[in-house]
1. Select, from B:Glu146, B:Glu150, B:Glu157, the only residue that is without any contact (Cβ under 8 Å) to a residue 12 or more places away in the chain and within 13 Å of B:Val231 (Cβ to Cβ).
2. Only one of (1) touching a Phe, Trp or Tyr at 6+ places or on another chain (Cβ under 6 Å); (2) within 14 Å of chain B (Cβ to nearest Cβ); (3) buried (at least 20 other Cβ atoms within 10 Å of the Cβ) fails for A:Met1. Which number is that?
3. Looking at the stretch B:163-177, can you tell me whether even one residue there is at negative phi and modelled with pLDDT under 90?
4. Would you check if there is a residue in the stretch B:144-152 being closer than 11 Å to B:Gly79 by Cα and surrounded by 15 or more Cβ atoms within 10 Å (Cβ to Cβ)?
5. Identify, from the list B:Ala289, B:Ala271, the residue that is free of Cβ contacts under 8 Å to residues at least 60 places away in the same chain and assigned to a helix (DSSP H, G or I).
6. Looking only at the stretch A:4-36, which residues are outside any strand (DSSP E or B), hydrophobic (A, V, I, L, M, F, W, C) and at the interface with chain B (Cβ under 10 Å from one of its Cβ atoms)?
7. Just need a number here: residues in the stretch A:37-59 that are under 19 Å from B:Ile218 (Cβ atoms), in contact with a helix residue (DSSP H, G or I) (Cβ under 7 Å, 6 or more places away or on another chain) and not in a loop (DSSP other than H, G, I, E, B).
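The values are calculated or read from the model by the stated rules, or taken from the named source; none is laboratory data. What you see is a predicted model, and the numbers here were worked out from it, not measured in a lab. Every residue, glycine among them, receives a Cβ derived from its backbone with ideal geometry; neighbour counts consider all protein chains shown.
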Amino acid sequence: MNVSIVSPEKKVWEGEAEMVVARSPEGEFAILRGHIPFLAALVPGLVKIKSGSSEDRFLVTGGVLEASGTRDDYHVIVLADDAEDAGDLSREEALRQMAERKRESDAEDRGEAELRVAMASPELRRG
Amino acid sequence: MAQQLRVIKRRISSVKSTQKITRAMELIASSRIIKAQQRVSAARPYAEEMRRLMGTVAKKAGNIDHPLLKERDEIRRVGTVVITADRGLAGAYNSNVIRLAERDLQAHGKEYMLFLAGKKAVNYFKFRDYDCEHSWTGMSDRPKIEDAREVARAAAEAFSKGEVDEVRLVYTRYESAMTQRPVKVQLLPLPKDEFTSEEEPSRGPQPSYVFEPEPEEILDALLPRYLEGTVLQGMLEASASEHAARRRAMKAATDNAEELIDNLTRVYNQARQAEITTEIMEVVGGAEALTGAAIQEA
């Protein structure tokens with residue numbers, strides 16, 4: 001079945017897989033090909049995409065998952081608020097790291113803004 | 001004479017250095033358009049899937065009824081989200097959007113509430129003593145979903161609380177590299193027909209969905225995200241438009257400088273020629289006077 005993970009800014013992943021595991025407010029669930037059409041809200045956690053022995057893991061901070069189609073043409077779409085490759089991290093670890101990166105990039109943004117102001121002010125004084 | 005030459009020369013070199021700057025800005029803008037365009041198209045799948053999903057939910061959940069979808073009987077106060085750039089030097093880009101927004105405010109004559117994204121809009125409306133409670137800057141260069149979320153949430157909150165009865169989004173739509181047009185779209189209440197009417201039945205009868213949790217709750221999760229996606233799309237298009245407008249403005253400035261330099265060079269050469277001619281005349285005149293004097297002596 002065709003699986004795609006889409007965030008508001010871009011398509012994060014797309015490919016074929018055998019099973020998708022994700023987490024809704026009611027708990028973790030798995031989707032196999034031909035699953036009855038299914039629409040779930042997602043809570044922060046991992047979306048695991050399994051294909052044979054390989055597994056791709058993504059951290060999503062929330063969103064919705066839709067599974068539908070016929071047996072031959074089945075698709076699962078994850079509309080994630082934010083998604084990134086989680087590697088081998090556990091759910092807790094991945095969430096923690098994401099929060100940390102967020103803080104860092106915010107601080108970076110602020111730092112850059114300050115730098116720009118500092119660079120611009122002599123120009124401004126000169127008039 | 002020589003002083004006039006110096007003045008012209010100085011002007012030429014000043015125009016040249018301006019031209020260097022405008023050309024650099026033009027090149028930077030061109031490279032940014034491509035990236036901004038890519039971001040616009042990268043964000044499209046999400047918006048499309050979201051719209052389709054909302055259609056699905058709306059159909060399966062029967063009569064959808066949600067605060068964000070409900071049209072108000074009486075419109076007392078209108079919210080307007082205006083997306084502009086943080087920087088100028090982009091031709092009429094900023095003033096076009098602002099003009100559309102302001103005209104809209106004046107046309108409906110109702111009370112207003114402004115949501116301003118972009119320094120240019122903030123400065124404009126602040127200067128004219130508009131009430132600018134909600135404003136953001138630093139987003140226009142590379143709008144992120146977090147930025148769109150902040151704006152969308154502020155608008156949704158004001159709408160849910162009943163502070164405004166309608167919200168519009170004014171931004172510059174990126175139609176192509178050549179044309180960008182300021183447009184006004186309705187943001188809230190979410191225009192229902194956008195996802196309820198359309199298409200289907202596509203692949204035969206579709207079996208009913210299983211929802212987890214209930215359809216109403218899913219709708220609760222979907223609608224704000226749909227709104228955020230719409231705002232993000234607007235911001236991304238506005239950003240692409242900004243770069244396109246800046247590139248055009250800077251190209252015009254560069255060409256203009258080129259022409260100015262040509263003209264000034266022509267004036268400079270003429271003046272120089274005139275000076276040389278005068279000098280030769282002086283020399284010849286002097287020599288002639290001397291030979292004239294020599295002949296008389298002989």
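1. Working: B:Glu150 fails: without any contact (Cβ under 8 Å) to a residue 12 or more places away in the chain; B:Glu157 fails: within 13 Å of B:Val231 (Cβ to Cβ).
It is B:Glu146.
2. (2)
3. First pass over the stretch B:163-177, keeping only residues at negative phi: B:163-177.
Then keep just the ones that are modelled with pLDDT under 90; that gives B:176-177.
Yes: the stretch B:163-177 contains one or more residues that are at negative phi and modelled with pLDDT under 90.
4. Filtering the stretch B:144-152 down to residues closer than 11 Å to B:Gly79 by Cα leaves none.
Scanning the stretch B:144-152, I find no residue that is closer than 11 Å to B:Gly79 by Cα and surrounded by 15 or more Cβ atoms within 10 Å (Cβ to Cβ), so the answer is no.
5. Details: B:Ala271 fails: free of Cβ contacts under 8 Å to residues at least 60 places away in the same chain.
Among B:Ala289, B:Ala271, only B:Ala289 is free of Cβ contacts under 8 Å to residues at least 60 places away in the same chain and assigned to a helix (DSSP H, G or I).
6. Hit for the stretch A:4-36 is A:Ile36, nothing else.
7. Restricting attention to the stretch A:37-59, the residues satisfying the condition of being under 19 Å from B:Ile218 (Cβ atoms) are A:37-45, A:47.
So of that shortlist, the ones also in contact with a helix residue (DSSP H, G or I) (Cβ under 7 Å, 6 or more places away or on another chain) come out as A:39, A:41, A:44-45.
Within this subset, residues satisfying the condition of being not in a loop (DSSP other than H, G, I, E, B) are A:39, A:41, A:45.
So the answer is 3.
Here's the yes/no breakdown for (1) more than 15 Å from the chain's Cα centre (by Cα); (2) within 14 Å of another protein chain (Cβ to nearest Cβ); (3) surrounded by 13 or more Cβ atoms within 10 Å (Cβ to Cβ):
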residue: B:Ile12; (1), (2), (3): yes, no, yes
residue: B:Val15; (1), (2), (3): yes, no, yes
residue: B:Met25; (1), (2), (3): yes, no, yes
residue: B:Ala42; (1), (2), (3): yes, yes, yes
residue: B:Lys60; (1), (2), (3): yes, yes, yes
residue: B:Glu74; (1), (2), (3): yes, no, no
residue: B:Ala101; (1), (2), (3): no, no, yes
